[in-house]
Amino acid sequence: MFTVYRFLLYLYPPAYRSEFGEEMLAVFRAAQTEAWKNDTLVRSRFCAREIKGLVVGALSEHVRTIAGYDRTPVFFSRRIAMRSEFRFPKVTVTLMTIILAGVVLAIEKATAIQASVPDSYQHVGPIQPAHFTFLPTMLVIMGGACLAGTIGWAILFALHRSGLHRLAEFDPASHQGSGGRTHA
Amino acid sequence: MESLSVTEPVLLILLSLADRPRHGYAILQDVQDMSDSRVVLSTGTLYGALRRLLDAAWIERVEEQDTPRGRQSYRLTARGRRNLQLEVSRLKHLTRVATLRVARKEM
């Protein structure tokens, strides 16, 4: 796990890694030693929490690096939820099993009905097998999303809100020395 | 509040540093103790929050000679303490309002 953790640290930007990487490794080792005194369930939770923390943290740091400011995605914000972490409800597994069983039963029932109805039955007619429509549907959705994105960008561009105009007016010479982190 | 949203983990980290400086692992344990194990921070979450708090100058590193990286301690700055007090006042006010509203509803 320690090796995996060390490897996952490479997801972070180099500057962050050089500042906190070694410290994070030391703290992780201490936390892992404590977690390893418990049973497999606690160990698994520990591993899942650490991996999730690293991936989300690395993502946030990259967003900050690219955008130049903190922009933690809304769904990671706990301002409203005031919960430490997402907890997967145990009852969901039961509900999903029931739903799956229902779907399987419905398919079985439909197959039985299809077999029992003769092709020449005039009120129903021949029941054709369902065609596989997943791929065309996905293509239509993706096409729609691309179109909506293009229209949205065009509107932003027309309103001078796309950032391109500001980028064109940007003078690097006048911004030198204004950046940099604050170290306390 | 100054340019930093005080999420629950951030609040707990600030509270952990309110009485004395602590290093990373001590903060993890203290946050877990304070929240009765409801909030268990990962190292990624902890150091993300510490980085933001350092950037906002709410906390600072305690400069010590020959301190290994894993034992690097942090403490609240005057700004961090002021903002923590503001947040605590906000929560007190919220609790007072909530208590009144709930009591009114029960009457």
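Here are a few things to note about the model shown:
- Contacts under 6 angstrom Cβ, first residue in region A:13-33 being without any contact (Cβ under 8 Å) to a residue 12 or more places away in the chain, partner surrounded by 17 or more Cβ atoms within 10 Å (Cβ to Cβ) and outside any helix (DSSP H, G or I), 6 or more apart: A:GLU23/B:GLN72
- Output for region A:1-58, where each listed residue is under 23 Å from B:VAL39 (Cβ atoms) and among the charged types (D, E, K, R): A:GLU23, A:ARG29, A:GLU34, A:LYS37, A:ASP39, A:ARG43, A:ARG45, A:ARG49, A:GLU50, A:LYS52
- Matching residues in region A:1-32 - criterion: being facing chain B (nearest Cβ under 10 Å) and among the β-branched types (Val, Ile, Thr): A:VAL27
- Selection from region B:10-26 of residues that are within 13 Å of another protein chain (Cβ to nearest Cβ) and either farther than 17 Å from A:PHE46 by Cβ or out of contact with any helix residue (DSSP H, G or I) (no Cβ under 6 Å at 6 or more places or on another chain) (or both): B:VAL10, B:LEU11, B:LEU12, B:ILE13, B:LEU17, B:PRO21, B:ARG22, B:HIS23, B:ALA26
- In the condition set (1) more than 11 Å from chain A (Cβ to nearest Cβ); (2) on the phi > 0 side of the Ramachandran plot, B:MET34 is compliant with all but (2).
- Screening B:ARG82 with (1) in contact with a Leu (Cβ under 9 Å, 6 or more places away or on another chain); (2) more than 11 Å from chain A (Cβ to nearest Cβ); (3) part of a helix (DSSP H, G or I) gives one miss only, at (1).
- The listed residue being assigned to a helix (DSSP H, G or I), over 18 Å from A:VAL27 (Cβ atoms) and either out of contact with any strand residue (DSSP E or B) (no Cβ under 6 Å at 6 or more places or on another chain) or of a type in the set (S, T, N, Q) (or both), out of B:THR99, B:THR45: B:THR99
- Look at (1) out of contact with any strand residue (DSSP E or B) (no Cβ under 7 Å at 6 or more places or on another chain); (2) free of Cβ contacts under 8 Å to residues at least 24 places away in the same chain and you find that B:ALA56 fails only one, number (2).
- Test for A:GLU50: is it modelled with pLDDT of 85 or more and charged (D, E, K, R): yes
- So B:LEU15, is it more than 20 Å from A:PHE20 (Cα to Cα), crowded, with 16+ Cβ neighbours inside 10 Å and modelled with pLDDT of 90 or more: yes
- When region A:20-44 is filtered for residues that are of a type in the set (D, E, K, R) and in a helix (DSSP H, G or I), the ones remaining, listed by number, are A:GLU22, A:GLU23, A:ARG29, A:GLU34, A:ARG43.
The values are calculated or read from the model by the stated rules, or taken from the named source; none is laboratory data. Small disclaimer: the values here were computed from a predicted structure and weren't measured. Cβ atoms come from the backbone with ideal geometry, glycine included; neighbour counts cover every protein chain shown.
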